[in-house]
Amino acid sequence: MAEAVRPVPRERVRAALRAVPGAVLRRWPVLRRLWPTTVRARATVGASVVVAAALALASFALLGLLEANLLRNAENDARRQAETVAQLAATGKLGRVRPPARGIDFVQVVGADGRVLFASPNLAGAPAFPAPGPGAPGTRLHTWRVRPLDGEYRQRVVQVVTQTPDGMATVYAGASLRDADAADDTTTAALVIGMPLLLATVALVTWRVTGHALRPVEEIRAEVAEISARGLHRRVPVPATDDEVARLAETMNATLDRLEASGIRQQQFIADASHELRSPITVLRTQLEVALAVQDPELWPELISGALEDIERLQHLTADLLLLARIDAAQPVAAAPLDLTALVREVVEGRLGDRVPVGLRLEPGVEVSAGAMWLGRIVTNLVDNAQRYADGRVDVTLRTTNGARPGTAVLEVTDDGPGIPAADRERVFERFTRLDDSRSRDHGGAGLGLAIARDLSTRHGGTLTAEGRPGGGSGGARLVLRLPTTGRC
């Protein structure tokens, strides 16, 4: 049994076609110098080659159709003339043959014995055409080309075999192909002159149009080439045309906006981190210098205890900075279905040494898609923030919305502390941000906890906001985390 032919995948065909130019250039390195290297040149060469191929095919088709049409007309004229003479020859009336019609070059009637029974005046004394051989009575048509008898043009000859009173005879009628040859010559000359001019016009127009279309791209390239790390405020020009180049320029400017914002944020982050690290390092150095200067061993435990507190603060600050760096690096989150209810309960109940009690009101079976470690860090930071400023109580509430599945898990962490003013509810999520008075450094925070929690929330497709008390109540902070559920809770 023959093996079935497997169809070639379309991707393999496309890959093979894309590899053809490279293979040709490797085969003939001399072509590499002739291969166009710019988009403008490649577009011009491509358009010219396509138009040249189309013109060549169209020219061959035009010449073929013209030749076929003129040959058919000449053959029809010769056939009518031959059939008319054949009818007269069949009745023995060759003497009544009229002069050839217009467009007919000659007429000749040859008997079976090779004698010329009739000939048009321009064939007087000319030898007979070769007989076609014996044949049955009737009409047979045969067409072939012969060289002119006395001119420079071809003839289309039609032969008709007929039965006459004197035996079989063959009638030859030749139609001039003068018009066909003249039309072919004229058309060929027009194509030879017109095609190069048309190709040159196409190449010129393509070159100019492509250059005009690519001019904004070159301006964008030149502007981007001049933009350095200190010049991120510059923007590329946006063309007035609503096309792909304009959208490219808009996208480039949007990218530059993000780069500038990222650079500003990075510079601010470095400045804030340097400031935050300088203070505990300075205090730690002072304590160590005092410990060295003081010779009383009874004071050393107190000095060492203070130094350890500053070292612990440095450790927490360094860990937060490293976590922010990982978040900014956009490392992927290993998300998996997670029971948020169990996670919140585990994080809160596992806390030791909290200053105020934490009340839990958790809806059972709330499931989200997240990374357990990162989501636990969010809950820890929110509870730490509430513990830092609460007067006597912290409440953690977990519920889901009543919308279409998948719904939204809503985690609220509230405290009864001084609260967050409405004007500062967005600013508290900025890095190294501390509010005055009640939310000061005395509470032990570096201003990174809420920033980390919001960044992690965004990475999980959620939101973290500071909101007012329901019903317009005052007092205490209310932080609300919203995450999409998996739809199975």
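The values are calculated or read from the model by the stated rules, or taken from the named source; none is laboratory data. What you are looking at is a predicted structure, and each value in this text was computed from that prediction instead of being measured. Cβ: placed from backbone, ideal geometry, glycine included. Neighbour counts: every protein chain shown.
Only residues that are surrounded by 14 or more Cβ atoms within 10 Å (Cβ to Cβ), closer than 21 Å to Met373 by Cβ and either outside the structural domain of Asp415 (by TED's automatic domain parsing) or among the aliphatic types (A, V, I, L, M) (or both) were counted across segment 343-359, and they come to 5. The listed residues are Gly471, Gly487, Gly475, and the only one of them that is at pLDDT below 65 and of a type outside the set (Lys, Arg) turns out to be Gly471. If you go through segment 294-316 and pick out every residue that is touching a helix residue (DSSP H, G or I) at 6+ places or on another chain (Cβ under 8 Å), without any contact (Cβ under 8 Å) to a residue 40 or more places away in the chain and closer than 17 Å to Arg278 by Cβ, you end up with 4. Among the criteria (1) more than 20 Å from the chain's Cα centre (by Cα); (2) closer than 25 Å to Thr44 by Cβ; (3) of a type outside the set (A, V, I, L, M, F, W, C), the one Glu244 does not fulfil is (1). If you go through segment 170-186 one residue at a time, do you hit one that is over 44 Å from the mean Cα position of the chain (by Cα), loosely packed, with under 14 Cβ neighbours inside 10 Å, modelled with pLDDT of 85 or more and outside any strand (DSSP E or B)? So far as segment 170-186 goes, yes, one or more of its residues are over 44 Å from the mean Cα position of the chain (by Cα), loosely packed, with under 14 Cβ neighbours inside 10 Å, modelled with pLDDT of 85 or more and outside any strand (DSSP E or B).
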